[in-house]
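The values are calculated or read from the model by the stated rules, or taken from the named source; none is laboratory data. Just so you know, these numbers come straight off a predicted model, no measurement behind them. Ideal geometry is used to build each Cβ from the backbone, glycine not excepted, and the neighbour counts take in all protein chains shown.
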Amino acid sequence: MAGMAKSGFLLFWLLLTAGLTAPGARAQACTPTPSSGACFKAYDAITGQELPRFLCVGRPVRLRDCSGKGLNPAQIYYRQAAATVCSGFTDTTTTFTPAAPGPLVITQNTQGTQGGTQGIIFSRNFEVLDAPVPTFALSVCGPGFVQVTVTDARYDQYFVQIGNDAPVPAARNATVTYPVSSPNTVTVIGRYNQAGLCTGENQQSFTPLPPPQRPALQSLTVQGGTAQFAFGALQPEYQYQLQIADGAAPGGYRTLAPVATGLTSFALPNAPLPGCFRLLLQDACQPTVTSTASFSICSVALTGTSANGRNRLSWTSAGSGSYTLRRTDGTTTTLLPVPPGATQYLDTAVTCGTVYRYQVSLSMGLTTSVSEEVAVATTAGAAPAAPRLTASFNLRNQVELKAVVPRAATGGQLTYLRNGAELGVTPARSLVDSVLTPDPAAPLCYAARFLDACGNPSVESPPVCPVRLAAEPANDTGTEIRLTWTALRGPDTTAAVRYRVLTLSPTNAVLASVPVAGLTYLDLQPPPNQQVVRYRVEATGAGLAAPSYSNVATVARRVKVFVPTAFTPNGDGLNDVLELKGRFLDSFRFTVIDRNGQTVFQTTDRAQTWDGRINAAAPVPGAYVWRFEATDQSGRRTSEAGTVTILR
C-alpha cells in the first residue's frame with residue numbers, strides 16, 4: 001500500500017509539471033542530474049566568444065545547446081530570471097541582451113532523447129556586469145600636453161588613449177601628463193578582470209591652449225597699506241601668481257597670492273612694503289616648464305613734514321624712471337614740477353591750517369607706481385578771514401545756518417552765535433537752530449567766528465537776520481488773512497532786498513507766489529477748500545547768494561456747519577430732505593436723535609441726506625435733536641448741537 005501511494009504521488013507530480021511547461025516539453029526536475037545529459041553554453045553574439053560565467057549589460061548573448069542529442073530547436077525553451085524556473089516556457093529565442101546588472105539564472109527546458117517524451121530542465125548561474133561610462137578629469141596644459149586623472153572606481157583596470165595613439169594603462173586617481181596627438185580627443189576605457197568584453201568608454205574633446213603671452217602689469221597704487229595692482233587681460237587657459245622680489249627665495253621671487261584670470265585688478269591687503277612685484281604666468285600641469293613673468297614694478301614710499309609755512313616731501317623707490325608729484329587741498333588738484341632725478345620737493349605755495357594731500361608717481365616705461373597718499377597740515381600763518389554766514393528757516397521752522405570759510409582753510413572749527421550769545425561750537429560748516437524766541441516780532445540774528453587749524457581766530461562775521469513771519473485772519477470768516485514779517489538782514493546791508501509771499505499746500509507745495517513791496521500783505525483770496533492756510537516768505541538780496549526763507553506761518557479757520565431748523569419730507573420736491581451745508585467739512589460725524597433718545601440718522605459724508613424715514617417707516621412729524629462733532633486739519637475738535645423739526 002505504501003508503494004502504491006508513492007507511485008501515485010510521482011505520477012501526480014509529473015502530470016503537474018508537464019501541464020506547466022510548453023506543449024511537448026515535459027519537465028522532470030528543476031535541477032539537472034549528473035546523468036541528465038542536459039547542456040547549453042552562452043556566447044557573445046558579436047564576437048562568438050564563449051561566456052562561461054560573466055555577461056555584460058547591453059551586449060547581446062546567444063545560447064546554444066551542447067547536449068549532443070540532436071534536439072529539435074523548436075522544442076528547446078529558455079527563460080532568464082533570478083532563480084531556476086520550472087514552468088511557463090514559451091520562448092525558443094536563443095539570443096537576448098541583458099538589461100540590468102546582477103545575478104542571472106538561465107533555465108533551459110528541452111525534450112528528452114529523440115523519440116522520447118520526457119523533458120529535462122537545466123539551469124546555469126551567470127553574473128551580469130554593468131558597463132558604465134568611466135569618469136575622468138581632463139586639464140589642457142601648455143601647448144602640446146594634456147593632463148588626465150581617472151576618477152572612476154567601478155572597473156578593475158583602465159586605459160587612456162590620446163587621439164589615435166594606442167591605449168596605455170592608467171591607474172585610478174593618478175594625474176598623468178600626456179603629449180597631444182591628433183585628433184584632439186582623450187578616451188578612457190574601463191575593463192573588468194573577469195570579463196574582458198564588459199568595457200566602458202568615455203571620450204572628451206579638447207582645444208589646445210594658445211601660446212602663453214607675457215603678462216602686462218600696468219600700475220601699482222598703495223593706499224592704507226593695501227597694494228592695488230592693475231594689469232591687462234589675462235589668458236584664462238593659464239594660472240597666475242603675484243610675486244615679490246626676495247633674494248632668499250628660489251629664483252629670486254616669492255609668491256604672495258594667486259590671481260584669478262577673470263580680473264584686471266587685484267588688491268593685496270597688508271602688502272609687504274617697500275618691494276618690487278611681478279605677475280607670473282604658469283601652466284596648470286607643468287608650472288616649471290611653461291612659465292613667463294611680467295616686468296617688475298616697484299613701490300614708492302613718500303613722507304612729508306611742515307614747518308614755517310612750508311611743506312617738505314621726500315620719496316624713495318627701488319625702481320628707476322621719472323617722478324610726478326600731485327597735490328590736492330580738497331577742492332583743487334595741482335601737479336608740481338619735479339626736476340629729473342630729484343627725490344625731494346619743498347612746497348611753498350601753501351596756507352597755514354590747510355591740510356594738503358600729496359602723492360608721487362613713478363613712470364617706468366609702460367608701468368606706473370603710485371605712492372600712498374600723505375596728508376600734511378601746514379603750520380604757522382596769518383589769521384583767516386571772517387566766515388560768510390547765511391540763515392534760513394526750513395519747513396519744520398528750524399533755522400539752518402551755513403558758514404563759508406576761506407577757500408584755503410580746511411579743518412578748524414566754527415563758533416555760531418544767536419543774538420550775541422554762543423549757540424554752538426563745531427567743525428561742521430552748518431548748524432540747525434531749533435530754539436526760537438516766543439515773540440515773533442523779536443529780532444533773531446546770527447553770526448559766526450572761525451578758528452583755523454593753526455589756532456588763528458577770525459573776526460566775527462556780519463550778522464544775518466532771517467525773516468520772522470506772522471499770520472492772522474483779517475475778518476471773522478477767515479476769507480481774508482493778514483501777513484506781517486520782519487526785514488531780512490544779510491552780510492551786505494546796502495544791497496536791496498526783494499520779498500515774495502508763498503502760499504503752501506498741506507504737503508508744502510507752492511500754490512501761489514506773489515511779489516510784495518514792504519513788510520505786510522493782505523491775502524484776499526486764501527485757498528477756499530484749505531481749512532489750515534500755510535504761508536512762507538522768500539527773501540533775496542542783502543548780499544546772500546541764495547534765497548532766505550521765513551518760518552511757515554499758519555491760520556486755522558473755523559469749521560462751519562449749517563443745519564436747517566425744519567424740513568418737509570412730503571415728496572413735493574421742495575425741502576424734502578435734511579442735508580448739511582458748511583465749509584471745511586472734512587472729518588465729522590452728524591447724528592440725529594428722536595425724543596426717546598434713539599439714534600435715527602448718522603453720517604460722516606456731507607453728501608448723504610436724511611428723508612425723515614426711520615427703518616423705512618414714514619417720517620414722523622416732530623422735533624429731533626442733532627449733534628455735530630468735527631476734527632479740523634490742525635487736530636482741533638469742535639462740536640455743536642441743535643434741533644430740527646419734521647413738518648407735514
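A few notes on this one:
- Given (1) surrounded by fewer than 17 Cβ atoms within 10 Å (Cβ to Cβ); (2) in contact (Cβ under 8 Å) with a residue 40 or more places away in the chain; (3) of a type outside the set (D, E, K, R), number of the condition PHE229 does not satisfy: (1)
- Checking every residue in segment 590-605 against the condition of being within 25 Å of ASN508 (Cα to Cα), within 56 Å of the chain's Cα centre (by Cα), surrounded by 15 or more Cβ atoms within 10 Å (Cβ to Cβ) and β-branched (Val, Ile, Thr) gives zero matches.
- Among the candidates LEU395, LEU362, the residue that is in contact (Cβ under 8 Å) with a residue 60 or more places away in the chain and not in a strand (DSSP E or B) is uniquely LEU395.
- Pairs meeting the criteria (first residue in segment 122-144 and without any contact (Cβ under 8 Å) to a residue 40 or more places away in the chain, second residue assigned to a loop (DSSP other than H, G, I, E, B) and not charged (D, E, K, R), beta carbons under 6 Å, at least 6 apart or on different chains) are ALA137/THR151.
- Enumeration of residues in segment 491-544 that are within 21 Å of ASN397 (Cα to Cα) and in a loop (DSSP other than H, G, I, E, B): SER505, PRO506, THR507, ASN508, ALA509, LEU519, GLN530, GLN531, LEU544
- Any hit, segment 619-626, residues being more than 30 Å from PHE393 (Cα to Cα) and either among the charged types (D, E, K, R) or without any contact (Cβ under 8 Å) to a residue 24 or more places away in the chain (or both): no
- Count of residues meeting criterion [surrounded by fewer than 19 Cβ atoms within 10 Å (Cβ to Cβ), outside any loop (DSSP other than H, G, I, E, B) and of a type outside the set (D, E, K, R)] in segment 471-490: 2
- Residues in segment 430-457 that are modelled with pLDDT under 90, touching a strand residue (DSSP E or B) at 6+ places or on another chain (Cβ under 7 Å) and either assigned to a loop (DSSP other than H, G, I, E, B) or among the acidic types (Asp, Glu) (or both): PRO440, PRO443, ALA453.
- Qualifying residue in segment 357-380 (condition: farther than 26 Å from LEU217 by Cβ, among the hydroxyl-bearing types (Ser, Thr, Tyr), within 38 Å of the chain's Cα centre (by Cα) and outside the structural domain of VAL222 (by TED's automatic domain parsing)): no
- Filter result (assigned to a strand (DSSP E or B) and surrounded by fewer than 16 Cβ atoms within 10 Å (Cβ to Cβ)) within segment 561-581: PHE562, ALA566, LYS581
- Residue in segment 160-172 that is more than 46 Å from the chain's Cα centre (by Cα), surrounded by fewer than 20 Cβ atoms within 10 Å (Cβ to Cβ) and modelled with pLDDT under 90 present: no
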